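The values are calculated or read from the model by the stated rules, or taken from the named source; none is laboratory data. Source: prediction; values computed, not measured. Positions of Cβ are generated from backbone atoms using ideal geometry, with glycine treated the same way; all protein chains shown enter the neighbour counts. All accessible areas refer to the heavy atoms of the entire protein, side chains included, with ligands and DNA or RNA removed. Shrake-Rupley method; radii C 1.70, N 1.55, O 1.52, S 1.80 Å.
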Amino acid sequence: MKVPAPLVRLWHRLGSPRWFFETTAPWLPWLLGFGVVLLGAGAFWGLALAPADYLQGNSFRIIYVHVPAAILAQSCYMLMGTCGVVLLVWRMKLADMVLEAAAPIGASFTALALVTGAVWGKPTWGTWWAWDARVTSMLILLFLYLGIIGLRQALARPEAAGRACAILAIVGLVNIPIIKYSVDWWLTLHQPSTFKLTEKPAMPPSMWIPLLLSVLGFYALFIWSVLQSTRVVVLERERRTAWVQNFAAEQGSKA
Amino acid sequence: MHPKRKQRLTLVAFLFAGVAVAVGLALFALNENINLFYPPDQIARGEAPVDQRIRAGGMVLEGSVQRDPGSLAVRFTLSDMAGHDVPVVYEGILPDLFGEGQGIVATGRLRANGTFEASEVLAKHDENYMPPELAELAGRKAPEGQRAGLATLDAGG
């Protein structure tokens, strides 16, 4: 199998945290701008303009936070699992940095999905919590995130900590299809997926377009925060290199 | 690919496949226990334990809800809409989304006479979200409590 040359070049460049730091700098304001605009539009449309549900009334509107948070919680974990493979196989420093930076962000999205789910569950299901397959597998995802964060803190040698986290991240990937298909494989209190890849969503466009905007806004803000957070890790770990010290001196003289 | 990397990639692949198989087998063995509730056909076939705390889930059969005028007691039929029915008795507050033709999950005990005595009733909704006007066209109606809520909402603007 022949990999196209530009991809190979990109792959080699990703080996340099400095290249990453300098390349991503101009992306940040764009991502933040897109994120705020999309999420703002999605939230306003979803909360003020979209019709209420015939059954749930206004409480259904929590979908505009709950579904994006849950999607991002899983996307972030897949990113971390991929970084784990890249770190273990190619020993790429940047993969470990992303793995460290993304964990708290993914944990936050998972917690947000669980909390908004509970707030939604109380008026609709009649309970804050149900130990069904979807809710429980999502709770396991939160514990995986917390485990990865804790593991890194617990091991003194950064290299060993990185590899241990990578292994845990890869092992935890098994949970992702379980979360996704839990509502199809087992009888659950949670309803089936809102967005499916192969079918149209079971709601009118006035309800799903704002949801889509909100999901895209969450993605933009997620990428923005992972990049920001990774850049901080890059500076911290590469602090002894000349380019970081030059960068710091430059920033210092600007201030 | 560098032979060393190839070797590491194989190792990672085996690690993942091993974990996936182990988890898969465990879930397969636990299959029945991961289900949150017993569907009506399993209860009708006698697969659900009697006099133990279990959950039963299904649809509330149209026209089966009987409320006691003097108390919170209610009886209704839990159905899978495929001919399997379980009579349910319950005393307490029902969730807002409870209604005929709606999905529910009830916690309680199955008695030897086939009646399910519920101590908690939860509403299960589906992923079909609809504005009230569309729902009316589709012939789906909200339960009484919820409809009243929507009416005041409309009146309020």
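Some observations on this one:
- Take each residue of peptide A:56-68, count the partner chain Cβ atoms within 10 Å of its Cβ, and average: the result is 2.
- Using a Förster distance of 35 Å, the FRET efficiency for A:Ala248-B:Ala13 (Cβ separation, nearest 0.05): 0.25
- The DSSP beta bridges internal to the protein assembly as shown are antiparallel in roughly 85% of cases.
- Peptide A:196-206 is shielded by partner chain Cβ atoms: per residue, an average of 2 of them sit within 10 Å of its Cβ.
- Estimated distance in nm for a label pair at B:Ala73 and A:Asp184, the labels positioned 7 Å out from Cα along Cα-to-Cβ: 4.5
- Take each peptide in B:62-71, A:10-19, A:222-231, count the other Cβ atoms within 10 Å of every residue, and average; sorted highest first, the result is A:222-231, A:10-19, B:62-71.
- Descending principal axes extents, the range B:1-102, alpha-carbon based, whole Å: 79, 30, 25
- Restriction of the chymotrypsin sites (Phe, Trp or Tyr not before Pro) in the range A:152-204 to DSSP coil positions whose beta-carbon has at most 11 other beta-carbons within 10 angstrom yields no sites.
- Ranked by the mean number of other Cβ atoms within 10 Å of their residues, highest first, the peptides B:17-26, A:100-109 fall in the order A:100-109, B:17-26.
- Counting only protein heavy atoms and using a 1.4 Å probe, the accessible area of B:Lys4 comes to about 120 Å².
- 10 Å Cβ neighbours from other chains, averaged over peptide B:129-137: 6
- Vicinal HN-Hα couplings computed from phi for the range A:181-190 (Karplus, 6.51 cos²θ - 1.76 cosθ + 1.60; Hz; Gly/Pro x): 9, 3, 6, 9, 6, 10, 7, 10, 7, 5
- Here the dipole of the range A:1-125 is about 360 debye; that uses its Cα centre as origin and unit charges on the Cβ of Lys and Arg (positive) and Asp and Glu (negative).
- Per-residue ³J(HN,Hα) for the range B:106-113, Karplus 6.51 cos²θ - 1.76 cosθ + 1.60, θ = phi - 60°, Hz, x for Gly and Pro: 10, 9, x, 10, 8, 8, 4, 7
- Protein accessible surface hidden between A and B, which excludes ligands and nucleic acids, total in Å², probe 1.4 Å: 3900
- Note, ³J(HN,Hα) from phi for the range A:194-210, Karplus 6.51, -1.76, 1.60, rounded to Hz, x at Gly and Pro: 6, 9, 10, 5, 9, 10, 6, x, 7, 7, x, x, 5, 9, 8, 5, x
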